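> One structure, pasted below without further comment.
Derivation of every value follows stated rules applied to the coordinates shown; laboratory data play no part. What you see is a predicted model, and the numbers here were worked out from it, not measured in a lab. With ideal geometry, Cβ positions are generated from the backbone for all residues, glycine too; neighbour counts draw on all protein chains shown.
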Amino acid sequence: MSSQLSTVLIIGAGPVGLITALALAQNGITVRVLDKAKDFGVGQRGSGIAPRTLEAYRLLGIYDDMMKVAHEYPDVLEWDQDGKPLRVSQMMARVEPTPDMPIPNGMRVAQEDTMHVLRAQLEKYNIFVESGMELVKLEQDDTGVSATFRHDDVLDEVRAAYIVSADGAKGPTRKLVGIPFLGESREEIGMLVGDLELFGSLDRVHWHKFQDANSNWIRARAVPEKPDVFFFSSHGPSLDLNRGASDTSYLQSYIRTVTKHDDITVGKVLTLQEWRMNVRMVDRFRAGRVFIAGDAAHVHSPLGGQGLNTGAMDAMNLAWKLAAVIKGVAPSKLLDSYEEERKPVVSDMLQFTNGIAAQTFKAGAASSAWTRSRAGTQLGMHYRWSSILRDELNVKATDGTAGAGAYASEGAADVLSAGDRAPDAPELVGADGKATTLYDLFGTTHHTVLVFEPSLIDAANKVISCFPSDLVRTIVLNAPGVPGAYSDAAGRARRAYGAAEVAVVRPDGVVGALVRGSEGLEAYFGGILSAAVAV
């Protein structure tokens, strides 16, 4: 048995596993990240980053690093069946930023770049991905989990408090703990997707879209950081997926036939592979001390661009709860809320992405099948039904079924409720005279209590003083003379949070409570934190 014991083992070093690891590390939790692969993946796969995920990057403190490798979505150039330009459009309508929603539009970040940024951050905590580690056995008891890994034909057993399975749809963790993966696979529905070199007349400005008379589709956009490389996808009745993935001459002939561009030449193929329709979700997100996240818990059609984004929200939801329980500041029952909150959201998102796939792959699909609604921004994703929320201003949803609607229709809620995305607010001026924003004050390590009513400051502080200052932080607004208060002269924070006298924002950027006074505040924290931490 290895002498190196770890508090949390992260199985899988993709974006979801790395985000989970980083959020835990920021909370002071000991983490090991292990992956079966011996090399880090390359390519564009999972490059569509939703605004909600970009906001998570702000909370994690990596937004600026991500923006250095991010690119805006290009306009879509649609070609007619004769290979002539037809129209230019946007895949998803862009909207202008607002004070409460400063990041309304998604960006593109190649998955290899996303993982590089995350690994670099983890290395600051002396956490390095351990490659070539294949999980072969799991056993757990009341005190922890024992995981056995095979590395270069040597077995190594590691003991941990918890395991997070982020090892993808084909990973072993879910199977080892006996969690069913419900759904369906449809071999008749598939496409080619990946990175390859294309030479010829296609510009590197647009996302090119072709459809011929036989309903064969091709989409190609340039990869800015790699000259001559395009992210390519295609499906249709004339395309032999297996041959297209392995035979460059065949693929080039197919591309020329569909596009009517005889000058297009296929160069080096980097990551091209077959994708077959496989839509599944676990029936539970936890087995004792093992938690399932990302593609290990749910697989989507890539057409909606929601796999990584949904997994990132899994990671943000789970990490702060695990950290609180491990540090002894929250009861273990808090971990039950991971499934309670995430399962309905994932179910709704699968319906959303399935709808996109159904429209795209049906015979004679219209060009509009490639237009995306703003629900995909995930800005409207919420947990209003959750049992750990406190809302004294709105009628709480009774459950978390798909019918309750885990997403606002256009990506943002009209009336703020507990469980919603926390609004931002700029131009908050502190005692030092410097302006800041709410999201600069939020973070993955603490709950943020926003006090809007000066008369409640003393009562709120009495409740908050029962908890460590690094666990619960207070932001007092528009209370001149109060130490540490911020001026909200434009009233943007006040308007964003409605009639709440006190609001609490969780470490994952979700509104945990909207209350009228200290009693509601005490009830909220009493539901999620342990009395044992009281002073």
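> Run through the DSSP bridge list for the chain and note the antiparallel percent, rounded to the nearest 5. Each step should come with its number before you reach the end.
Numbers: 68 of 92 bridges.
Counting DSSP beta bridges with both partners in the chain, the antiparallel share is about 75 percent.
> In straight Cα distance, which aspartates and glutamates are under 20 Å from residue 333, not counting same-chain residues fewer than 8 positions off?
Straight-distance partners of residue 333: 141, 142, 283, 314, 341, 399, 508, 522.
> Neighbour counts of other C-beta atoms within 10 Å: give me 139, 340, 55 arranged from fewest to most. Present the calculation step by step, with values, prior to reporting the outcome.
Values: 139 12, 340 16, 55 23.
Ordered by Cβ neighbours within 10 Å, fewest first: 139, 340, 55.
> List the lysines whose alpha-carbon lies under 22 Å from that of residue 327, not counting same-chain residues fewer than 8 positions away?
Within reach: 124.
> Where the centroid of each part is defined by its Cα atoms, how far is the range 232-291 from the range 153-216 in Å?
10 Å
> Under 17 Å from the Cα of residue 226, which aspartates and glutamates turn up, not counting those fewer than eight places away in the same chain?
72, 112, 113, 195, 197, 203
> Here's another thing I want to ask about it. What is the antiparallel percent of DSSP beta bridges lying wholly in the range 422-533, to the nearest 5?
Working: 11 of 17 bridges.
Around 65 percent of the beta bridges assigned by DSSP in the range 422-533 are antiparallel ones.
> Taking amide hydrogens as modeled 1.01 Å from N in the peptide plane, which residues meet the under 5 Å criterion relative to residue 476, leaving out close sequence neighbours?
So residue 476 has HN proximity to 451, 486.
> If neighbour count is taken as other Cβ atoms inside 10 Å, put 95, 258, 205, 472 in order from fewest to most.
Working: 95 15, 258 24, 205 11, 472 21.
Fewest to most other Cβ atoms nearby, the residues stand as 205, 95, 472, 258.
> Let me ask something else. Once you sort the root eigenvalues of the Cα gyration tensor of the range 10-161 as a ≥ b ≥ c, which label holds: rounded (a/c under 1.5), prolate (a/b larger than b/c) or oblate (the other case)? Don't skip to the end; give the middle numbers.
On the way: a/c = 3.04, a/b = 1.86, b/c = 1.63.
Because a/c hits 1.5 or more and a/b exceeds b/c, the range 10-161 counts as prolate.
> A further question on this structure: Give me the net charge for the shell around residue 425: Cβ to Cβ below 9 angstrom, other residues only, Lys and Arg +1, Asp and Glu -1.
Values: positive: 492, 494, 495; negative: 100, 424, 427, 488.
That sum, taken over residues with Cβ under 9 Å, equals -1.
> Rounded, prolate or oblate: which fits the range 1-80, taking a ≥ b ≥ c as square roots of the Cα gyration tensor eigenvalues, rounded meaning a/c under 1.5, else prolate when a/b beats b/c? All intermediate terms of the calculation are to be shown ahead of the outcome.
On the way: a/c = 3.70, a/b = 1.84, b/c = 2.01.
Verdict is oblate for the range 1-80.
> Taking the Cα centre of the chain as the origin and placing charges on Cβ (Lys, Arg +1; Asp, Glu -1), which of 158, 194, 335 is farthest toward the positive end of the dipole?
Toward the positive end, the furthest listed residue is 335.
> Using only Cα atoms, locate the centre of the range 305-344 and the centre of the range 418-496, then give the distance between them in Å, rounded to an integer.
With the range 305-344 and the range 418-496 each reduced to a Cα centre, they are spaced 24 Å.
> Could you work out the helix-only [θ] at 222 nm for the chain, with each DSSP H run of four or more residues adding -39,500 (n - 2.57) and the total divided by the number of residues, to the nearest 500 deg cm²/dmol?
-7500 deg cm²/dmol
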